[in-house]
Amino acid sequence: MFDYPYAAVSPIFVGNAVWWELERRLSLIFLGRSHSSSAVHEMVIKGLENAGPDCPQLEALRKTAQLSRDAIYDGDFAALGQAMIANVEAQRNLHVKLVNADAQQVIDIAKEYGALAGR
């Protein structure tokens, strides 16, 4: 993000085989209730107000976006899983409440059954 709260978005373009494999592999799990993450995001932002653009926690989060993009371009789903794991950890390092206990439980169960990652 160059000018919070505005973000740059860049589309990625991959072949149909990768898109269909993403469609086949990805699942969306509803945790049974909606939530508002605004309060947690405000705590994260407040904690990073004076961190500057080279903040290690933010750099770790930025890196996961690049790793994810590269894995998708390569059709490397194991690498995408590793990038997703790194993303969850980067978010947890920003603030423990960014990854709630219910979501972590779903991630853990999914991994027990062979999922490469959870997000």
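The values are calculated or read from the model by the stated rules, or taken from the named source; none is laboratory data. Note that the structure is predicted; figures quoted are calculated from it, not measured. For neighbour counting, all protein chains shown are included, and Cβ atoms are generated from backbone atoms with ideal geometry for every residue, glycine included. Just so you know, the surface numbers come from the protein's heavy atoms only, side chains and all, with ligands and any DNA or RNA stripped out. Shrake-Rupley method; radii C 1.70, N 1.55, O 1.52, S 1.80 Å.
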*Give me the percent of the accessible area of the chain that comes from carbon and sulfur atoms, probe 1.4 Å, all protein chains in place.*
56 percent
*Taking LYS111 as the anchor, which aspartates and glutamates have their alpha carbon closer than 16 Å to its alpha carbon, excluding any fewer than eight residues away along the same chain?*
GLU89, ASP102
*If you average 1/r over every pair of different alpha-carbon atoms in the stretch 34-100 and take one over that average, what Kirkwood value in Å do you get?*
12.9 Å
*asked:* Let me make sure I get this right: for the chain, a, b and c are the square roots of the gyration tensor eigenvalues over alpha carbons, sorted descending. Under 1.5 in a/c it's rounded, otherwise prolate if a/b > b/c, else oblate. Which is it?
replied: oblate
*asked:* Tell me the mean residue ellipticity at 222 nm calculated for the chain from its helices only (DSSP H runs of n ≥ 4, each -39500 (n - 2.57), averaged over every residue, nearest 500).
replied: -19000 deg cm²/dmol
*So for the pair LYS111, SER10, with labels modelled 7 Å out along Cα→Cβ, what separation do we get in nm?*
3.0 nm
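Could you tell me which GluC sites (Glu not before Pro) in the stretch 8-112 are loop residues by DSSP with no more than 12 other beta carbons within 10 angstrom of their beta carbon?
Numbers: sites: GLU21, GLU23, GLU42, GLU49, GLU59, GLU89, GLU112; in loops: GLU49.
The qualifying sites are GLU49.
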*What spacing in nm lies between the two simple spin-label points modelled at ILE29 and LYS97, each 7 Å away from Cα in the Cβ direction?*
2.3 nm
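Arrange the residues ILE107, ILE85 by how much accessible surface each exposes, largest first, with a 1.4 angstrom probe.
Values: ILE107 20, ILE85 50 Å².
Output order, biggest surface exposure first: ILE85, ILE107.
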_Cross-link partners of LYS46 among lysines (Cα-Cα below 29 Å; sequence separation of 8 or more within a chain)_ = LYS63, LYS97
*Approximate spin-label separation LYS63-GLU42, in nm, with each point projected 7 Å along Cα-to-Cβ*: 3.2 nm
*What's the center-to-center distance, using Cα atoms, between the stretch 21-52 and the stretch 76-119 in Å?*
12 Å
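Counting heavy atoms of the protein chains only and a 1.4 Å probe, report the per residue accessible area for the chain as a whole number of Å².
On the way: 9040 Å² over 119 residues.
Per-residue value: 76 Å².
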*So how exposed is SER34, as accessible area in Å² (1.4 Å probe, rounded to 10)?*
110 Å²
*By how many degrees, 0 to 90 and rounded to 10, does the Cα axis of helix 101-112 deviate from the longest principal axis of the chain?*
30 degrees
_Estimated vicinal HN-Hα couplings, Hz - the stretch 36-50 in sequence order (Karplus 6.51, -1.76, 1.60; Gly, Pro = x)_ = 10, 8, 4, 5, 5, 4, 5, 5, 4, 4, 4, x, 9, 3, 9
*asked:* Give the residue list of trypsin sites (Lys or Arg not before Pro) in the stretch 26-105 that are DSSP loop and have at most 16 other beta-carbon atoms within 10 angstrom.
replied: ARG33
